[in-house]
Amino acid sequence: MKTLLALAAATAIGVTAVLPLPAAAQVGVSISIGTAPPPPRYEPVPSPRSGYVWAPGYWDWNGHAHVWAGGHWVQARSGYDYEPAAWYQENGQWYLRKGKWKQGKHGYHCPPGQAKKGNC
């Protein structure tokens, strides 16, 4: 009986040792490449939507080439400003910082060109 119990315990330990662990949430993932993104594309910004913030389009990287990710409306977050995606160069490499929310003073970001039209 002790042998059977020891064998069962050893099997249980062996099985759990090879099970995959849950992945931790990845925060602040950045992409680093040696190729600069193309110039930004012009996108007409649709009329403002109440309670939403415009996230402008940007050049993303799919692992092989730059691909355009079109702009879209995202639901506003009270007390936060939306910081759009941006590429920056450092030590000869290009890095993409994806769009994100940051705590801000305004809590609302007027879409590009809309303040001049009196829409914000």
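Throughout, read-outs are computed from the coordinates displayed, never taken from laboratory work. Here the structure is a predicted model, which means the values were calculated and not measured.
Details
- The slack in the chain from residue 35 to residue 50, taken as 0.36 nm per residue of separation less the alpha-carbon distance, amounts to 1.6 nm.
- Were the residues from residue 74 through residue 97 laid out at 0.36 nm apart, the gain over their Cα-Cα distance would be 6.5 nm.
- Other-chain or far-sequence residues with amide H under 5 Å of residue 77's (modelled H): none
- Computed from backbone phi, the HN-Hα couplings of the stretch 67-84 come to 10, 7, 9, x, x, 7, 7, 10, 5, 5, 10, 4, x, 10, 10, 8, 9, x Hz, rounded to whole numbers (Karplus: 6.51 cos²θ - 1.76 cosθ + 1.60, θ = phi - 60°; Gly and Pro given as x).
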